[in-house]
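Okay, structure first, notes after.
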Amino acid sequence: MKLASIDVGLKRIGTAICLDGKIVLPQNAILRKNRNQAARDVNTFLKEWEIEQLIVGLPRGGSSEEEMERRIKHFVSLMNLDIPVVYVDEQGSSFEAQELTAGQFRHKKDGRVDSVAAKIILERYLKIL
C-alpha cells in the first residue's frame, strides 16, 4: 500500500511517502499561502504519487492541543479525500527533525525540516502496524 504523511503547520506542510511499506522518504514541503491552496496542493501531491492512505500528525499534550487538532482536522476535511486518513501522535517530531538535520540545511524556512518531521510521523505509524 502506498502511504503518505503530512505535518500540518501554519506556514508549511511537511510531506513524506512510503511506497513499499519499509522506506520512508521526505518530499518537498508545501508552502501554505492559504488553506484552500494548500489543500489543493496536498491533493495534487497525493494523486501524483497514487497514495492509498494518508497519515496525519496530530499534536498531543500541550495547552493548544484541542485548537490545533480542530484546525488540522478542518484542513483535512477541505481536501475531500476518498482515501483513508489515520491520525498519529506527532509530539516531538518537529524537535526530533531539527536535531536530526542540525547543520545540514541552511534555509530553515524552505520546509525541509517539516518534511523530515512528516517522515518521522510516518515511521512511527509503520512501527505500530
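The modelled label-to-label distance between residue 95 and residue 40, using points 7 Å beyond Cα along the C-beta direction, is 3.7 nm.
Just check the range 53-101 against the gyration tensor rule for me: Cα atoms, a ≥ b ≥ c as the square roots of the eigenvalues, rounded for a/c under 1.5, and otherwise prolate or oblate depending on whether a/b exceeds b/c. Because a/c hits 1.5 or more and a/b fails to exceed b/c, the range 53-101 counts as oblate.
Across the chain, Cα pairs under 8 Å and at least six residues apart give a relative contact order of 36 percent.
Which residue, 91, 58, 44, has the largest displacement toward the positive end of the dipole of the chain when charges sit on each Cβ (Lys, Arg +1; Asp, Glu -1)? Result: 44.
In nm, what is the difference between 0.36 nm times the number of residues separating residue 69 and residue 1 and their Cα-Cα distance? Walk me through the intermediate numbers first.
Details: separation 68, 0.36 × 68 = 24.48 nm, distance 2.62 nm.
Extending this stretch completely gives an extra 21.9 nm.
Membrane-span-like helices in the chain, defined here as complete DSSP H runs extending at least 27 Å along the helix axis by their C-alpha atoms with mean Kyte-Doolittle hydropathy no lower than -1.0, are absent; this is a sequence and geometry rule, not a statement about a membrane. Whole-Hz Karplus values for the range 21-26 come out as x, 10, 9, 9, 10, x Hz, taken residue by residue from phi with 6.51 cos²θ - 1.76 cosθ + 1.60 and θ = phi - 60°; glycine and proline positions read x.
Near residue 9, the amide H atoms lying under 5 Å from its own belong to 14; only residues 5 or more places off or on other chains count, and H is placed 1.01 Å from N. When +1 charges are put on Lys and Arg Cβ atoms and -1 charges on Asp and Glu Cβ atoms, the dipole computed for the range 33-96 relative to its Cα centre reaches about 340 debye.
Of the listed peptides 5-13, 24-32, what is their order by residue-averaged count of other C-beta atoms within 10 Å, with the highest listed first? Let's see the in-between values first.
Details: 5-13: 22.8, 24-32: 19.2.
The packing order, highest mean first, is 5-13, 24-32.
Just one of (i) 46, 36, 25; (ii) 49, 41, 29; (iii) 39, 33, 27 is Cα extents along the principal axes in Å calculated from these coordinates, so which is it? It is the value labelled (iii).
The residue among 24, 77, 113 whose Cα reaches farthest toward the positive pole of the charge dipole of the chain, with charges on the beta-carbon of Lys, Arg, Asp and Glu, is 113. Structure note, pairs 2/109; 11/73; 11/127; 47/73: Cα-Cα distances above 22 angstrom occur for 2/109; 11/127.
Annotation: amide H of residue 55 within the under-5 Å range of 4, 5, 6, 86, sequence separation 5 or more or interchain, hydrogens built in the peptide plane.
Read-outs: derived from the displayed coordinates by stated rules, not from any lab. Only a predicted model underlies this, so the values are computations on that prediction, with no experimental measurement involved. Every residue, glycine as well, gets a Cβ built from its backbone with ideal geometry; the counts of neighbours run over all protein chains shown.
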